[in-house]
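Q: My structure is below; once you've seen it, I'll send some questions.
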There are 2 protein chains.
Amino acid sequence: MGETVKYLLPEEKLPRFWYNIAADLPEPLPPVLHPATGKPIGPSDLAPLFPMALIAQEVSTEREIEIPEPVREILRLWRPSPLFRARRLEKALGTLARIYYKYEGVSPGGSHKPNTAVAQAFYNKQEGVKRLVTETGAGQWGTSLALSGAFLGLGVDVYMVKVSYNQKPYRRAIMETFGARCVASPSTETEAGRRMLAQDPNCTGSLGLAISEAVEVASQRDDTKYALGSVLNHVLLHQTVIGLEAMAQFEMADDYPDVVIGCAGGGSNFAGAAFPFLGEQLRGGRKVRIVAVEPAACPTITRGRYAYDFGDTAHLTPLMKMLTLGSTFMPAGIHAGGLRYHGMAPLVSHIARLGHIEGRNYHQNTCFEAGVQFARCEGIIPAPETTHAIRAAIDEALACKEEGAARSIFFNFSGHGHFDMQAYSDYLGGKLVDQEHDERLLQKAFAELPQVEG
Amino acid sequence: MGETVKYLLPEEKLPRFWYNIAADLPEPLPPVLHPATGKPIGPSDLAPLFPMALIAQEVSTEREIEIPEPVREILRLWRPSPLFRARRLEKALGTLARIYYKYEGVSPGGSHKPNTAVAQAFYNKQEGVKRLVTETGAGQWGTSLALSGAFLGLGVDVYMVKVSYNQKPYRRAIMETFGARCVASPSTETEAGRRMLAQDPNCTGSLGLAISEAVEVASQRDDTKYALGSVLNHVLLHQTVIGLEAMAQFEMADDYPDVVIGCAGGGSNFAGAAFPFLGEQLRGGRKVRIVAVEPAACPTITRGRYAYDFGDTAHLTPLMKMLTLGSTFMPAGIHAGGLRYHGMAPLVSHIARLGHIEGRNYHQNTCFEAGVQFARCEGIIPAPETTHAIRAAIDEALACKEEGAARSIFFNFSGHGHFDMQAYSDYLGGKLVDQEHDERLLQKAFAELPQVEG
């Protein structure tokens, strides 16, 4: 019998509580502001978009928030997710490091996203909501909300950026298989869509515009609310099952990470893996390095400003204090679509400012190189976003090799790449371009940041 | 805490032996014949194509054949695979039946195929082979052999039917990500390919021709052998880990199936799930119904003749006694490509003739309907092949409902549908046609069966 490669928790070890890092912050999170008044917003400002239970979670400072039993029942379809020891990769690298990864690709959506989609659908259902609307770019989030709607008996409308809608018919097919309605954005169904189509009938859409359409629909219909797949505190909270399970699995492995790594777009998979370990440290427990990895084309943590900014390009959201490249910044069209967000979750940004998170950025070719090496050793083809975490994990392992050190490296494998094979095809064909962010565009976007004292 | 939905075995419970049903057959399997002489073939006839260890397994009558430790070490990357109880589907159906499924989609190839691909690659490697060649249609088998080559350090060449090569660039991208060379067939690399291209430069290829190319290359090069993904005894043997694990998992569940269901193309996933249960019965143990499900467009078990026939359309293989529609029969272009094979594994055919297997066939729309219902309840989108098993499982559960019976139903979930979303798109768009087999074509193919006494 060889050495263990996967640490499996039985279903009854699925966490009963989410971990809320707000309880352990040395300084509280700056308030969210109303863009018109510049004053902190209250629950009633968010009520047209979100159910009260989620708004309460958004501002809660309780350390543990109970996971409702019906949510746990659905999560148990795929959770606890396995913690793998990447022994074949370790051997291929010739490193003394121990490399572990939490595999979130086992979810029906293929990524960590259903962890929050199911919870959001549950609370909406509980408050009598009949329909959820959201936007999706590459389709990962739309898929997760679609399947959560199927599980909980809620209608789901997904406004999908038209260029993706046309280029990724398979993503649309998955959402429709789960019973969701998928609409190309801009659409004729909303004022925002019609206005855009009147200006430009051939408009291929943008995430900002799709958000505008979804928010417009949600705010106009009583039985309909909006759902967001990252950035907000309650979304990060729902993802902490990842790190909580990993802590129990590290106990099984009789090990503890020296470094925790996650790719970071809006910040939710990263936070989900890292916050439970970070909380341990903030409460005076074991120390661990935390590394957030992002693309060189969209270096929010490594180059962003910590400032109040809008969450969307259409400026419909409240103002959040976060690391941002400016909401008018447009990153290059890299394949890791989930990392092309101008801002970083306020919680992640705040904690990074407090000095507890290292940022690191990579170009996409070196990430795909790591992804291919990983696939050939471990068998799983990672999503383009996940290759960023893998690149960092391999680099940490190679540093160990150089030093002759035997550290324990843990990264979150946020999702598989089954629906991203065009990216691999482009990489293997030598067609991927490494693009920095455009510095002039960045400075312009910084200059356009809203003028708010905070 | 709700009721258990998945039964997980720890890694050390991965079977140490494959189960060889040849040991428990009441009558031995008819011999394989040489097409030129009509006499039984010997190991030396197969030696140019397969390593001796696999040839030995092909004819072995030992009940237990040890799984080499290096093979187990790789299988442990995803095995033991989970046994799920489909509680949400049961509820949706309102049945008293207990529905269980073994989920083979957790493998890196997304199906059961790597169970044998890894073993085959191992034995070839052990005997000094440097390169494996094979054919692939839809790409599932080619993917599995490609990843096994990556795991074991063997080169892999996949001759992929040209129409699929062009229509499914993502399948090609996966194989290339795992380091395999993927060649559109007909190619200019072989005599068979060149001959076809001279006749018809626009030929889009066929599985039969791709087999011819692969076999030609394997038989001409000393360091190169051929690998087959189904039909042969050793392939079915390697798949018995599925049923062996399931038996241990049913013990955990304190249950035992009344019926075991699998979809059947060449027969390997079906046999892998069913043979261990069937062997128990053949040795005088607990009885269980065994149902093989196939498409109405290719009804090998339900309409085939039990006769000696070629395994390929190009007539390069030995003659095997099996249920066959005739090697010249061409099934309609249904989406379940893996079930479009004219023959059935000799072992499955023989056992069906002995009365231990029920055949059943379905049209594709009713299968996709079952697949969509399953996906909305359980979250996993099945491959088109797998929807056949699901249709049968749901029908068994509905029969229980009608009778007020509470039987235990077990089906093998052979693979996920992540690379088959076009099929779902067609189904949801109402574009799928239900095609019977063509009776005139079938009679013609029967008439063309080789004339062999056996």
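Q: Taking the criterion of being at pLDDT below 95 and closer than 23 Å to A:Pro318 by Cβ, would at least one residue in the stretch A:164-174 satisfy it?
A: So far as the stretch A:164-174 goes, no, none of its residues is at pLDDT below 95 and closer than 23 Å to A:Pro318 by Cβ.
Q: Mind counting the residues in the stretch B:73-103 that are open to solvent by 20 Å² or more (accessible area, probe 1.4 Å), of a type in the set (D, E, K, R) and more than 14 Å from every other protein chain (Cβ to nearest Cβ)?
A: 1
Q: I'd like the residue in the stretch A:338-357 that is part of a helix (DSSP H, G or I) and modelled with pLDDT under 95 and, out of all such residues, is farthest from the other protein chains (Cβ to nearest Cβ).
A: Of all residues in the stretch A:338-357, those part of a helix (DSSP H, G or I) come to A:338-339, A:346-353.
Those left that are additionally modelled with pLDDT under 95: A:338-339.
Details: A:Gly338: 17, A:Leu339: 20 Å.
The qualifying residue farthest from the other protein chains (Cβ to nearest Cβ) is A:Leu339.
Q: Here is a further query. Taking into account only those residues within the stretch A:45-57 that are closer than 15 Å to A:Met320 by Cβ and out of contact with any Leu (no Cβ under 6 Å at 6 or more places or on another chain), which is surrounded by the fewest Cβ atoms within 10 Å (Cβ to Cβ)? Give the steps one after another, and end with the answer.
A: Residues of the stretch A:45-57 that are closer than 15 Å to A:Met320 by Cβ, as a first pass: A:45-46, A:49-50, A:55.
Add one more test, that the residue is out of contact with any Leu (no Cβ under 6 Å at 6 or more places or on another chain), and what stays is A:45-46, A:49-50.
On the way: A:Asp45: 13, A:Leu46: 19, A:Leu49: 20, A:Phe50: 25.
That would be A:Asp45.
Q: Right, another one. If I ask for residues that are closer than 19 Å to B:Pro114 by Cβ, open to solvent by 20 Å² or more (accessible area, probe 1.4 Å) and away from every other protein chain (no Cβ under 14 Å), which ones from the stretch B:178-228 would you list?
A: B:Lys225, B:Leu228
Q: Suppose we filter B:Leu237, B:Leu207 for residues that are modelled with pLDDT of 95 or more and closer than 27 Å to B:Asp45 by Cα; which single one remains? Walk me through it before giving the result.
A: Details: B:Leu207 fails: modelled with pLDDT of 95 or more.
Every option except B:Leu237 fails the conditions.
Q: Would you check which residues across the stretch A:54-67 are within 14 Å of chain B (Cβ to nearest Cβ) and not in a strand (DSSP E or B) and list them? Don't jump to the end; show me each part of the working.
A: Residues of the stretch A:54-67 within 14 Å of chain B (Cβ to nearest Cβ): A:66-67.
A:Ile67, the sole residue that qualifies.
Q: Return the residues of the stretch B:274-294 that are open to solvent by 10 Å² or more (accessible area, probe 1.4 Å) and in a strand (DSSP E or B); say none if nothing qualifies.
A: Selection gives B:Arg289 alone.
Q: Still on this structure: Conditions: (1) within 14 Å of another protein chain (Cβ to nearest Cβ); (2) open to solvent by 10 Å² or more (accessible area, probe 1.4 Å); (3) of a type outside the set (S, T, N, Q). A:Val118 meets all but one. Number of the miss?
A: So A:Val118 meets the others, but not (2).
Q: Pairs under 8 Å by beta carbon, first residue closer than 13 Å to B:Tyr165 by Cβ in the stretch B:207-221, partner open to solvent by 30 Å² or more (accessible area, probe 1.4 Å) and not polar (S, T, N, Q), six or more apart or different chains?
A: Once the first residue is closer than 13 Å to B:Tyr165 by Cβ and sits in the stretch B:207-221, its partners that are open to solvent by 30 Å² or more (accessible area, probe 1.4 Å) and not polar (S, T, N, Q) give B:Leu209/B:Met196; B:Leu209/B:Ala314; B:Glu213/B:Glu189.
Q: On to the next question. Report the residue count in the stretch B:354-383 for those that are within 19 Å of B:Cys298 (Cβ to Cβ) and either in contact with a strand residue (DSSP E or B) (Cβ under 9 Å, 6 or more places away or on another chain) or not assigned by TED's automatic domain parsing to the domain that holds B:Gln281 (or both). Break it down into steps so the answer makes sense when it comes.
A: The initial filter retains those residues of the stretch B:354-383 that are within 19 Å of B:Cys298 (Cβ to Cβ), namely B:357-368, B:370-371, B:382-383.
Next, from what is left, pick out any that are either in contact with a strand residue (DSSP E or B) (Cβ under 9 Å, 6 or more places away or on another chain) or not assigned by TED's automatic domain parsing to the domain that holds B:Gln281 (or both): B:357-364, B:367, B:370-371, B:382-383.
Looking only at that region, the number is 13.
Q: Considering only residues of the stretch A:123-138 that are touching a Phe, Trp or Tyr at 6+ places or on another chain (Cβ under 9 Å) and assigned to a helix (DSSP H, G or I), which is surrounded by the fewest Cβ atoms within 10 Å (Cβ to Cβ)? Break it down stepwise before answering.
A: Within the stretch A:123-138, the first condition is being touching a Phe, Trp or Tyr at 6+ places or on another chain (Cβ under 9 Å), and the residues that meet it are A:123-124, A:129, A:132-136, A:138.
Still in the list and also assigned to a helix (DSSP H, G or I): A:123-124.
On the way: A:Tyr123: 23, A:Asn124: 25.
Applying the filter and picking the extreme gives A:Tyr123.
Q: With respect to B:Phe410, is the statement that it is within 13 Å of B:Ala86 (Cβ to Cβ) and either without any contact (Cβ under 8 Å) to a residue 40 or more places away in the chain or aromatic (Phe, Trp, Tyr) (or both) true? Let's see the steps before the verdict.
A: Details: within 13 Å of B:Ala86 (Cβ to Cβ): yes; either without any contact (Cβ under 8 Å) to a residue 40 or more places away in the chain or aromatic (Phe, Trp, Tyr) (or both): yes.
So B:Phe410 fits the description; yes.
Q: Return the residues of the stretch B:408-418 that are in contact with a helix residue (DSSP H, G or I) (Cβ under 6 Å, 6 or more places away or on another chain) and either within 9 Å of chain A (Cβ to nearest Cβ) or under 15 Å from A:Gly109 (Cβ atoms) (or both); say none if nothing qualifies.
A: If we filter the stretch B:408-418 for residues that are in contact with a helix residue (DSSP H, G or I) (Cβ under 6 Å, 6 or more places away or on another chain), which is where we start, we get B:409, B:411-416.
Residue satisfying the conditions is B:His416 alone.
Q: Let me confirm something: among A:Gly338, A:Gly304, which residue is closer than 22 Å to A:Ile242 by Cβ and in the same structural domain as A:Arg391 (by TED's automatic domain parsing)?
A: On the way: A:Gly304 fails: closer than 22 Å to A:Ile242 by Cβ.
So the residue among A:Gly338, A:Gly304 that is closer than 22 Å to A:Ile242 by Cβ and in the same structural domain as A:Arg391 (by TED's automatic domain parsing) is A:Gly338.
Q: In the stretch A:358-431, which helices (runs of 4 or more DSSP H) lie fully inside it and hold 1 or more residues that are farther than 21 Å from B:Glu176 by Cβ, out of contact with any Cys (no Cβ under 8 Å at 6 or more places or on another chain) and open to solvent by 10 Å² or more (accessible area, probe 1.4 Å)? Talk me through it step by step, then tell me what you get.
A: On the way: elements: A:364-378, A:384-403, A:421-428.
Ranges flagged: A:384-403.
Q: How many residues are touching a residue at least 40 places away in the same chain (Cβ under 8 Å) and over 12 Å from A:Gly109 (Cβ atoms) when one looks only at the stretch A:166-180?
A: Within the stretch A:166-180, residues that are touching a residue at least 40 places away in the same chain (Cβ under 8 Å) and over 12 Å from A:Gly109 (Cβ atoms) number 2.
Q: What is the residue count in the stretch A:1-44 for residues that are within 14 Å of chain B (Cβ to nearest Cβ) and open to solvent by less than 30 Å² (accessible area, probe 1.4 Å)?
A: Number of matching residues: 8.
Q: A further question on this structure: List the number of the failed condition for B:Val259; all other conditions in (1) open to solvent by 20 Å² or more (accessible area, probe 1.4 Å); (2) assigned by TED's automatic domain parsing to the domain that holds B:Ser414 hold.
A: Checking B:Val259 against (1) open to solvent by 20 Å² or more (accessible area, probe 1.4 Å); (2) assigned by TED's automatic domain parsing to the domain that holds B:Ser414, the one that fails is (1).
Q: Take the conditions away from chain B (no Cβ under 14 Å), at pLDDT 95 or above and open to solvent by 10 Å² or more (accessible area, probe 1.4 Å) and apply them to A:Met320. Does it pass? Working first, answer last.
A: Numbers: away from chain B (no Cβ under 14 Å): yes; at pLDDT 95 or above: yes; open to solvent by 10 Å² or more (accessible area, probe 1.4 Å): yes.
Judged against the criteria, A:Met320 is a match.
Residues checked against (1) farther than 30 Å from B:Cys377 by Cα; (2) outside any helix (DSSP H, G or I):
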| site | (1), (2) |
| --- | --- |
| B:Pro26 | yes, yes |
| B:Gly38 | yes, yes |
| B:Lys91 | no, no |
| B:Thr95 | no, yes |
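Q: Identify, from the list A:Ala271, A:Ala253, A:Ala307, A:Ala297, the residue that is small (Gly, Ala, Ser) and either closer than 24 Å to A:Arg63 by Cα or open to solvent by 30 Å² or more (accessible area, probe 1.4 Å) (or both). Give the derivation first.
A: Values: A:Ala253 fails: either closer than 24 Å to A:Arg63 by Cα or open to solvent by 30 Å² or more (accessible area, probe 1.4 Å) (or both); A:Ala307 fails: either closer than 24 Å to A:Arg63 by Cα or open to solvent by 30 Å² or more (accessible area, probe 1.4 Å) (or both); A:Ala297 fails: either closer than 24 Å to A:Arg63 by Cα or open to solvent by 30 Å² or more (accessible area, probe 1.4 Å) (or both).
Within the list A:Ala271, A:Ala253, A:Ala307, A:Ala297, the selection yields A:Ala271.
Q: Do you know which residues across the stretch A:139-177 are hydrophobic (A, V, I, L, M, F, W, C), open to solvent by 10 Å² or more (accessible area, probe 1.4 Å) and within 10 Å of another protein chain (Cβ to nearest Cβ)?
A: Within the stretch A:139-177, A:Ala150, A:Phe151 qualify.
Q: Could you identify the single residue in B:Pro108, B:Pro70, B:Pro48 that is of a type outside the set (Ser, Thr, Tyr), touching a helix residue (DSSP H, G or I) at 6+ places or on another chain (Cβ under 7 Å), part of a loop (DSSP other than H, G, I, E, B) and within 14 Å of chain A (Cβ to nearest Cβ)?
A: On the way: B:Pro70 fails: part of a loop (DSSP other than H, G, I, E, B); B:Pro48 fails: within 14 Å of chain A (Cβ to nearest Cβ).
Only one candidate qualifies: B:Pro108.
The values are calculated or read from the model by the stated rules, or taken from the named source; none is laboratory data. A quick note: this is a predicted structure, and the numbers were derived from the prediction, not measured. Counting neighbours? That spans all protein chains shown, and the Cβs are built from the backbone with ideal geometry, glycine included. In case anyone asks, the SASA skips ligands and DNA or RNA and just uses the protein heavy atoms, side chains included. Shrake-Rupley method; radii C 1.70, N 1.55, O 1.52, S 1.80 Å.
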